[in-house]
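Each value in this text was obtained by applying a stated rule to the coordinates, not by laboratory testing. This is a predicted model, so every value here is computed, not measured. Positions of Cβ are generated from backbone atoms using ideal geometry, with glycine treated the same way; all protein chains shown enter the neighbour counts.
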Amino acid sequence: MISEEYQAVTGARIREARRALGLTQKEFAASLGIVQGFLSGIETGRKSPSDTLLIALTHSYGINPDWLSHGLGEAFKDSTRADIPAGGKAPLLEVIPENFPQEGTHAGRYISVPNLPGGCYAIVCYGDFMAPTIRDGDLVIFTPECEKKSGDIILVNNRWGEPILRRYRLRDAEVYLAPDNPAYAPFKPDSDTRTIGKVVEVWRKMLI
């Protein structure tokens, strides 16, 4: 059983790490797939973080697990600090530029994912078009180097220029972009449809 003292100290360290990253409670909670009220309870020692959440903090933000649990060493692991691009890290994009990837991106932070190849990017999925494969709030890792084959999940722009996720289907020499959610219909891409990248990994939001 977790002691109240451990719970309070760990919560205080999580708050310290969040502030060092320059994130509000709302932003931090959303990135971890939990509600702000639960994060507030953790930071004030009223609620206990799950093992799943502690693992997410280590992988997503490079927080040193020894420091997080026992106060040992530095708060961030040198090789995976959230503000240092490195192998196995993907810039988390809030906006994808029109001329991506030629146009520079403005990532607020980086996501650390085990065994991730270089040159990948990350976005947060919104909506249920690709459910149950990709759900609202999931972290999607994609690469702009995309040699597509039928069945791949790709990131394309819709008619308003917004990025959307769809499955690439090739049927009778015709291309369709299909949602995994049967409540929505597939569509044929037109001349304005631009492929942004191909999905290589999906990380489910953490359920507490």
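Show the residues, 5+ positions off or on another chain, whose built amide H is closer than 5 Å to the amide H of I164.
Those lying under 5 Å, H to H, from I164 are V156, N157, N158.
Which ³J(HN,Hα) values in Hz, rounded to whole numbers, follow from the phi angles of the stretch 134-149 under the Karplus curve 6.51 cos²θ - 1.76 cosθ + 1.60, where θ = phi - 60° and Gly and Pro get x?
Along the stretch 134-149, the couplings run 10, 10, 4, x, 5, 8, 10, 9, 9, 10, x, 7, 10, 8, 7, 9 Hz.
Using amide H atoms built 1.01 Å from N in the peptide plane, name the residues 5+ places from E201, or on other chains, whose amide H lies under 5 Å from its own.
For E201, the qualifying residues are I141.
Percent relative contact order of the stretch 158-208, based on C-alpha pairs within less than 8 angstrom and at least six residues apart?
Values: 38 pairs, mean separation 12.4, N = 51.
So the answer I get is 24 percent.
Could you work out the relative contact order of the chain? I mean the mean sequence separation of Cα pairs under 8 Å and 6+ apart, divided by the number of residues, in percent.
Reported relative contact order: 16 percent.
Hey, got the dipole for the stretch 89-203? About the Cα centre, +1 on K and R Cβ, -1 on D and E Cβ, debye to the nearest 20?
Numbers: 13 positive and 16 negative charges, 41 e Å.
Using only the charged Cβ atoms, the result is roughly 200 debye.
Enumerate the calculated ³J(HN,Hα) couplings along the stretch 176-189 in order (Karplus 6.51 cos²θ - 1.76 cosθ + 1.60, θ = phi - 60°), each rounded to whole Hz, writing x wherever the residue is Gly or Pro.
Computed from phi, the couplings for the stretch 176-189 are 10, 10, 10, x, 7, 7, x, 6, 10, 9, x, 9, 8, x Hz.
Over 31 Å between Cα atoms, which of K26/K148; K77/K148; K26/K188; K77/K198 qualify? Provide the component values of the computation, followed by the final result.
Values: K26/K148 36 Å; K77/K148 36 Å; K26/K188 37 Å; K77/K198 29 Å.
Check vs 31 Å cut-off fails for K26/K148; K77/K148; K26/K188.
Where nothing but the Cβ of Lys and Arg (+1) and of Asp and Glu (-1) is charged, how large is the charge dipole of the chain around its Cα centre, in debye to the nearest 20?
The dipole magnitude comes to about 220 debye.
Using the Karplus curve 6.51 cos²θ - 1.76 cosθ + 1.60 with θ = phi - 60°, what ³J(HN,Hα) values do you get for each residue of the stretch 13-21, in whole Hz, with x for Gly and Pro?
These are the phi-based 3J(HN,Hα) values: 5, 4, 5, 4, 5, 4, 5, 5, 7 Hz.
Would you mind counting up the charge near Q7? Only other residues with Cβ under 10 Å from its Cβ, with Lys and Arg at +1 and Asp and Glu at -1.
Net local charge, Q7 excluded: 0.
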